[in-house]
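Worksheet: the structure to be examined is printed underneath.
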Amino acid sequence: MLKLILLTFCFLIFTYSSSFAQKPANRTLKSEIQGVIFNENNEAVRDAHISLLNPPKNDVSDHNGKFTIGPLDAGRYTIRVEHISYQTIEIENIAISQGVITVLDTIILSTGFYESESVVVTATRSHKKVEEIIPIVNMVSRQQIARRNSKTSAEALREESGVFIQKTNHGGGSAIIRGLSSNQILILVDGIRLNNSTYRLGNHQYLTTVDNNMLDRIEVVHGPLSVLHGSDALGGTINLITEIPLISSENKIDYNINSRFSSADSEKMLSTNLKYFEKNLIFQSGFSYKNYGDLIQGSTNKKDELLIGYEQNTQKPTGFTAYDFTGKIIYEPRPKQNLILAYQLSRQEDVPRFDKYAYNDFYKWLYTPQKRDLIYGVYENKNKNGFFNSFRTSLSYHRQQEGRQKQKTIVSDLIKEIDDVQTIGFTFQAQSNYKEQLLNFGLDYYSDFVNSKTTVSSTDKIDVTTRGRFPDDSRYSSFGIFLEDEYSFSTDWQANAGIRFSHFQTDFTIKDTTKLSFEKKYNALTGSFGIIYKPNQWSSLSTNISQGFRAPNLSDLAKFGESKGSIFEVPNLNVNPEKALSIDLNYKLNKRLLKFSAAIYYMQISDLLISSNDLYNGSPNIVSGEDTLSVKSKQNGGKAFITGFESSLNFALSNSLKFRSNLSFTFGENQTANEPVGGIPPLFGLVGASWQQNKSFSEFYLRFAAAQTRLSSDDFDDPRIPIGGTPEWFTLNVRTEYEFNNWIRLNLAVENILDHLYREHGSGINAPGRNFIVGIKLSR
C-alpha cells in the first residue's frame, strides 16, 4: 500500500511539474483580471484572499501584493478582497473583453479588524466564507481564544453553538457534536489526523494535548464530513490550526509572554512565543508550563445526587502538571509557495482519574505518562499553472503514548499499562477550475504501529509483564481518495457533490492461552450532495445530504481492559463499520451588525457501535485485581436516529455594544433497543452582552444546560451520571480585557459568580466553583 501511495504521489508531482512548464498555446483566447493591493501606508499587502463570485475562482496576493484571476470568458464580474488585518471590499461590474488582460487600478485596503470567523478551510479544504459553504461551522479566532483565556483547547470551545464539552477528569476535555463524541468526532491538527486506531468510544482527553497557546484558530464543522476527511468524521470535525506568521520584508524578532492564574484550582500557567524573521524565512518556537492544583467545586445550590463520592468541597486528587513545546520553520522559496517544517510536543504527568477515586475507591488511578510528539512537513503552492489552481502535500510522523497506573489499595499490586502508537501519514490535495466548476481532489494515507503492554508490580517488588490493553505489535492502516465538485449555476445557485473511496486494514495477534492472528479489512464508498442558494452577498440557504462512516479500530475490535465504572471490555472481532446518512437544512446571515445561523438536522445511523453485555470464558464477570467486573464488548447495536437544531445570534446595537446567544438541542433514539442513544447532551446554550471601546473589552454572559433524564442502559451503568440523570444548571460569568499599550494586556474574569455546584452531563468531575482568573500578556 505504501508503494502505491508513493507512486501516486510521484505521478501527481510529475503531472504538476509538466503542467507548470508547459503554457497552453491558446491562453490568449482567454481573459484575466490582474491587480495589486496596497494598504494606506503604501505597503504591499500579501496573503490577501481575492475571490470571484461566479464562476468560483480565487487567488492569494504575493509578497508584492499582486494577484491574477483567470482564465475568464468575456463578461462582467465582481471580485471580493479579504484580509484578516483589513476591511473587506468588493469591486463590482468589472468589464472583461475576450483575449484581453484587464489590469485594475491599485486596490487600497483600510485598516480594520476583519472578523476572521467568516473564513474557514476545514469544511471544503479551501478558503471559503461561512455563508458560501453548506455545513454549519464554528470558528474560534485567535482574538476569541485570547479573550476567553481558557485552561485548555477543549474549554475554548465550550461557548460555541452545538459543541458540548465533557470532562472525565480535570485534565480531560471531550467534544460532543450532534450527540456523537470520542472516536465519532475527527480531530485534526493543522489538517493532520490526531485520531489513531486506539481512540476509544468513551470520552477522552486527547483534545487537551494540543496547547491552546499556540493556536491561531479552531474550526468546528458540524455533521458528517467523511468525503473529505474519512473515518471518524460522523458527528463533526475539529481542526486545531496553529499560527503561521507572514513573511516579513525586514529582519526582526517578535516575542510574547503569557501567564494565567486561577483560584478554583490554584492554576499557574506561563507560556512564551518567539518569532525570528529573516527575508523569506521565519523561525518560530513556543513553550508552555502548566501546574494545576486540586479543583474546588461550587458550594451553593447543592444537589445531593452530585455529592455522592464528592462530599469534600475540594475534589482530591485532581491536580497535575503539563508542558508543551512547539517549533516551526517557514520558508517561502518563491511567491505563493510555502515550505513548513514543524514539531509539537505535549506532556501531561500524573493526571488523576477522579471518578475512579470517588466511585471505585482506588488508592491510585493516574494517566501517566500522556505524551504526544508530532513532526510534519508541508509544501504548498498557490500558483495557478496548467491543471492545478493550488497544491498542498504533507508528510507526518505522530507518536502518542498513554500510560495508566492503577492500585486498588496501598498494599495491592501496582498495575502499569502503556500504549504506544506511532503513525506515519501522507496527504495530498489540489484544486482546479474547469469552466463553472471548482474541483477539489486528493488522497490520504495513515499507518499505525501499536505496541501495548501491562506490568504488574507486586508488594514484594516482583514485576510480571502481561498483554496490554491492545494486542502488542499491531498494525492498522487507512487509505482514501476523494473528489468534490463545486458547480455554479449562477451567482445565486451552487451545487456541491463529492465521493470518496476508503480502505482499512489491520493485522494483530491476540496472545492469550494460545496465539491467534487476525487480519480484518474494510472498504467504504461514501458520497455527499448539497445545494446552496445565495440571494445576496451576506446570506445563504442550503441543504445537504451526506454519508458518514467509522471503521472499527483496535479499541472496538481487540480492547482487553477496564472501562467506566465496574465494566471490563473484551475483544469482539465481529463488528462492522458504523454508517450514517444525514440531511440538514441551514440558514446563515452574516452582516456587519447582525450574524445569525440556524440548522435543523436528522441523522440515521446503522450498525451503531455500543458497549453491550458479553461473556469471557463463559462468564458474565471477570476478576481484575480485587474487583469483580461486568464483562462487555463493543457490538453493533442496530439502527438509531439523532435529530436536533443548532442556532446562534450575534447583533450589535452600536460599534461598542454587542449581544450574542446560542441554543442547541439533540434527541437520539436507538430504534433497535427501543431506548435513548447514550451520551446525548441536554438542551444547552449561552446568552451574553459585551462592551468594547478603545483599548478595553468587557463581557457578561450566562451559560446554562437543562436536565438530562433520557438515559440509555449504558448510561445507567455509568456512575458519573447521577441516578435519574444530570440536574439542570446555570452560571453567571464576567470577563474584561484592557490593553495598556502595544505590549501589555491584562485579562480579568470571574466564572460561576454564584458559586453553584454543577456538573456537565457525562463528566466525572464537578465543575469549578467561583473562579477568579488573572491573565497578563507581554508582547513585542
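So the values come out like this:
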| item | result |
| --- | --- |
| Residue 273 farther than 29 Å from residue 423 by Cα and open to solvent by 10 Å² or more (accessible area, probe 1.4 Å) | no |
| Selected residue (only one of 283, 287 is farther than 27 Å from residue 175 by Cβ and open to solvent by 20 Å² or more (accessible area, probe 1.4 Å)) | 283 |
| Filter pass, residue 501 being at pLDDT 90 or above and open to solvent by 80 Å² or more (accessible area, probe 1.4 Å) | yes |
| Residue under evaluation residue 87, criteria (1) surrounded by fewer than 17 Cβ atoms within 10 Å (Cβ to Cβ); (2) at pLDDT 85 or above, criterion not met | (2) |
| Total residues in the range 670-692, condition of a type outside the set (S, T, N, Q), surrounded by 18 or more Cβ atoms within 10 Å (Cβ to Cβ) and more than 13 Å from residue 645 (Cβ to Cβ) | 11 |
| Residue count, the range 705-732 (criterion: touching a helix residue (DSSP H, G or I) at 6+ places or on another chain (Cβ under 8 Å), of a type in the set (D, E, K, R) and more than 20 Å from residue 569 (Cβ to Cβ)) | 0 |
| Residue check, residue 727 at pLDDT below 95 and either over 26 Å from the mean Cα position of the chain (by Cα) or surrounded by 15 or more Cβ atoms within 10 Å (Cβ to Cβ) (or both) | no |
| Yes/no for residue 87 being farther than 25 Å from residue 592 by Cβ and outside the structural domain of residue 246 (by the TED database) | no |
| Number of the exception - residue 435 against (1) open to solvent by 10 Å² or more (accessible area, probe 1.4 Å); (2) without any contact (Cβ under 8 Å) to a residue 60 or more places away in the chain | (2) |
| Members of the range 545-558 that are more than 21 Å from the chain's Cα centre (by Cα) and surrounded by fewer than 24 Cβ atoms within 10 Å (Cβ to Cβ) | 545 |
| Residue under evaluation residue 314, criteria (1) without any contact (Cβ under 8 Å) to a residue 60 or more places away in the chain; (2) open to solvent by less than 50 Å² (accessible area, probe 1.4 Å); (3) closer than 30 Å to residue 245 by Cα, criterion not met | (3) |
| Every residue from the range 477-517 that is in a strand (DSSP E or B), in contact (Cβ under 8 Å) with a residue 40 or more places away in the chain and closer than 30 Å to residue 75 by Cα | 483, 484, 485, 486, 487, 488, 493, 494, 496, 498 |
| Residue count for the range 744-764, restricted to those that are assigned to a loop (DSSP other than H, G, I, E, B) and touching an Asp or Glu at 6+ places or on another chain (Cβ under 7 Å) | 1 |
| Residue among 577, 620, 571 that alone is without any contact (Cβ under 8 Å) to a residue 12 or more places away in the chain and either open to solvent by less than 40 Å² (accessible area, probe 1.4 Å) or within 30 Å of residue 511 (Cβ to Cβ) (or both) | 620 |
| Yes/no for residue 247 being touching a residue at least 24 places away in the same chain (Cβ under 8 Å) and open to solvent by 50 Å² or more (accessible area, probe 1.4 Å) | no |
| Those strands (runs of 3 or more DSSP E) lying entirely in the range 547-622 with at least 3 residues of a type in the set (S, T, N, Q) | 578-590, 594-606, 609-613 |
| Filter pass, residue 639 being surrounded by 17 or more Cβ atoms within 10 Å (Cβ to Cβ) and of a type in the set (Lys, Arg) | no |
| Segments classed as strands (runs of 3 or more DSSP E), wholly inside the range 319-407, with at least 2 members that are among the charged types (D, E, K, R) and open to solvent by less than 20 Å² (accessible area, probe 1.4 Å) | 320-331, 390-407 |
| Residue 265 more than 21 Å from residue 140 (Cβ to Cβ), surrounded by 18 or more Cβ atoms within 10 Å (Cβ to Cβ) and not aromatic (Phe, Trp, Tyr) | yes |
| Qualifying residue in the range 708-717 (condition: surrounded by fewer than 19 Cβ atoms within 10 Å (Cβ to Cβ), in contact with an Asp or Glu (Cβ under 9 Å, 6 or more places away or on another chain) and not in a loop (DSSP other than H, G, I, E, B)) | yes |
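Let's see how each residue does on (1) of a type in the set (S, T, N, Q); (2) at pLDDT 95 or above:
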position	(1), (2)
383	yes, no
386	no, no
396	yes, yes
418	no, yes
436	no, no
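Listed here are the residues, each with its yes/no results for (1) without any contact (Cβ under 8 Å) to a residue 60 or more places away in the chain; (2) assigned to a strand (DSSP E or B); (3) surrounded by fewer than 22 Cβ atoms within 10 Å (Cβ to Cβ); (4) of a type in the set (D, E, K, R).
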| residue | (1), (2), (3), (4) |
| --- | --- |
| 418 | yes, yes, yes, no |
| 423 | no, yes, no, no |
| 426 | no, yes, yes, no |
| 444 | no, yes, no, yes |
| 450 | no, yes, no, no |
| 453 | yes, yes, yes, yes |
| 460 | yes, no, yes, yes |
| 469 | no, no, no, yes |
| 475 | yes, yes, yes, yes |
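The values are calculated or read from the model by the stated rules, or taken from the named source; none is laboratory data. Values in this document were obtained by computation on a predicted structure and should not be read as measured data. When we count neighbours, we look across all protein chains shown, and the Cβ atoms used for this are built from the backbone with ideal geometry, even at glycine. These accessible areas exclude ligands, DNA and RNA; they are computed on the full protein's heavy atoms, side chains included. Shrake-Rupley method; radii C 1.70, N 1.55, O 1.52, S 1.80 Å.
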